[in-house]
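A.B. asks: This is the structure, below, for whatever I ask next.
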Amino acid sequence: MTLIKIEHLYKSFDKKHYVLEDINLEIFSNESFCLVGPSGCGKSTIAKSMLRFIKPDSGNIYFKGKDIYAIKDYQKYVSFVPQDPMSSINPRFNVLDAVLEPIRIMSLAFNTDDVLNNILRLGLKEELLHKKVRDLSGGERQRVAIIRAFTTKPELIIADEPTSSLDAIHKNTIASLFSEIKGSKTLFLITHDIKFAQKICDKIGIMHDGKLIEIGGKDDIFKSPRHSFTKKLLDSYSLKCEE
């Protein structure tokens, strides 16, 4: 089933050039989709449009066949993991309170034991539950941000550059966490790191200068990329396409 469908999306901020130009995209339920491209190519603008943080100049975004602006409780179906977890989590909260905060804000029913089990299943150690968020490492904070997005039981999780500020060890940890979630939720991940996309995603979209220039299954993108920019991107990561 199609969960998100984007049709002919355009967005400009200065009325001189489009940040997004004729974006068309379809994401299916329980699919993990990665949007890959360099900084400034429009990836985050697509995510912000899907989240209703900004409104496009033209075009439509549908969630399960309905225009997202016609869905009253849209935020209950979609969770967001920001690039910087400290921008959305009160640093004075302990881990448990940070995870429970969005559940309480949305007045969702929850079972504390189930929440605790989710936290532990998704890799945070029990001794961290009552530790202040400000005292966590960068990787631990990002894990808390992902877990709290997951715990509200959304149908779609959107994550914007979830590993950009992390070292290699923490990147692998976060990749493992998304792998654990994969298949139980629809994931829309934004990244400039195509190696991360290769580990996590079923389908990959390549962005360049405001345009979605190529979409394909992971194997198609890595084995037989069609666009010259995609080939250059793979080469830059020493991920040679197989002829």
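The values are calculated or read from the model by the stated rules, or taken from the named source; none is laboratory data. What you are looking at is a predicted structure, and each value in this text was computed from that prediction instead of being measured. Counting neighbours? That spans all protein chains shown, and the Cβs are built from the backbone with ideal geometry, glycine included.
A.B. asks: Considering the stretch 102-120 alone, what residues qualify as being under 20 Å from the mean Cα position of the chain (by Cα) and modelled with pLDDT under 85?
C.D. replies: N118, I119
A.B. asks: I've got another one for you. With assigned to a helix (DSSP H, G or I), in contact (Cβ under 8 Å) with a residue 40 or more places away in the chain and buried (at least 21 other Cβ atoms within 10 Å of the Cβ) as the only criterion, which of I46, I23 stands out?
C.D. replies: I46
A.B. asks: Okay, moving on. Please identify the pairs in which a residue from the stretch 212-230 that is touching a residue at least 12 places away in the same chain (Cβ under 8 Å) and within 21 Å of C41 (Cα to Cα) has its Cβ atom under 6 Å from the Cβ atom of a residue that is part of a helix (DSSP H, G or I) and of a type in the set (S, T, N, Q), counting only partners at least 6 apart or on another chain.
C.D. replies: E214/T230
A.B. asks: Does Y77 satisfy being of a type in the set (S, T, Y), in contact with an Asp or Glu (Cβ under 7 Å, 6 or more places away or on another chain) and either on the phi < 0 side of the Ramachandran plot or surrounded by fewer than 16 Cβ atoms within 10 Å (Cβ to Cβ) (or both)?
C.D. replies: yes
A.B. asks: Can you pull out the residues in the stretch 168-181 that are among the charged types (D, E, K, R) and surrounded by fewer than 17 Cβ atoms within 10 Å (Cβ to Cβ)?
C.D. replies: If the condition is that a residue be among the charged types (D, E, K, R) and surrounded by fewer than 17 Cβ atoms within 10 Å (Cβ to Cβ), then E180 is the only one that fits.
A.B. asks: Could you tell me which of the residues F110, F188 is of a type in the set (F, W, Y), out of contact with any Ser or Thr (no Cβ under 7 Å at 6 or more places or on another chain) and closer than 19 Å to K218 by Cα?
C.D. replies: F188
Residue-wise test of (1) closer than 24 Å to I105 by Cβ; (2) assigned to a helix (DSSP H, G or I); (3) in contact with a Gly (Cβ under 8 Å, 6 or more places away or on another chain); (4) without any contact (Cβ under 8 Å) to a residue 40 or more places away in the chain.
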{"site": "A145", "(1), (2), (3), (4)": "yes, yes, no, no"}
{"site": "R148", "(1), (2), (3), (4)": "yes, yes, no, no"}
{"site": "A159", "(1), (2), (3), (4)": "yes, no, no, no"}
{"site": "T163", "(1), (2), (3), (4)": "no, no, no, yes"}
{"site": "N172", "(1), (2), (3), (4)": "no, yes, no, yes"}
{"site": "A175", "(1), (2), (3), (4)": "no, yes, no, yes"}
{"site": "L187", "(1), (2), (3), (4)": "yes, no, no, no"}
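A.B. asks: Separate question: Name the residue, out of D84, D57, D97, that is of a type in the set (D, E) and farther than 23 Å from R141 by Cα.
C.D. replies: Step by step, each of D84, D57, D97 is checked, and only D57 is of a type in the set (D, E) and farther than 23 Å from R141 by Cα.
A.B. asks: While we're here: Quick check on this structure: which one of I89, I68 is surrounded by 15 or more Cβ atoms within 10 Å (Cβ to Cβ), farther than 30 Å from K132 by Cβ, in contact with a Lys or Arg (Cβ under 8 Å, 6 or more places away or on another chain) and of a type outside the set (K, R)?
C.D. replies: Exactly one residue qualifies, and that residue is I68.
Each row is one residue, and each column tells you yes or no for (1) buried (at least 21 other Cβ atoms within 10 Å of the Cβ); (2) modelled with pLDDT of 85 or more; (3) within 15 Å of S87 (Cα to Cα).
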position: H130; (1), (2), (3): no, yes, no
position: L136; (1), (2), (3): yes, yes, yes
position: A145; (1), (2), (3): yes, yes, yes
position: F150; (1), (2), (3): yes, yes, no
position: K153; (1), (2), (3): no, yes, no
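A.B. asks: Let me ask something additional. Report whether or not V99 is modelled with pLDDT under 95, in contact with a strand residue (DSSP E or B) (Cβ under 6 Å, 6 or more places away or on another chain) and either surrounded by 16 or more Cβ atoms within 10 Å (Cβ to Cβ) or not small (G, A, S) (or both).
C.D. replies: No.
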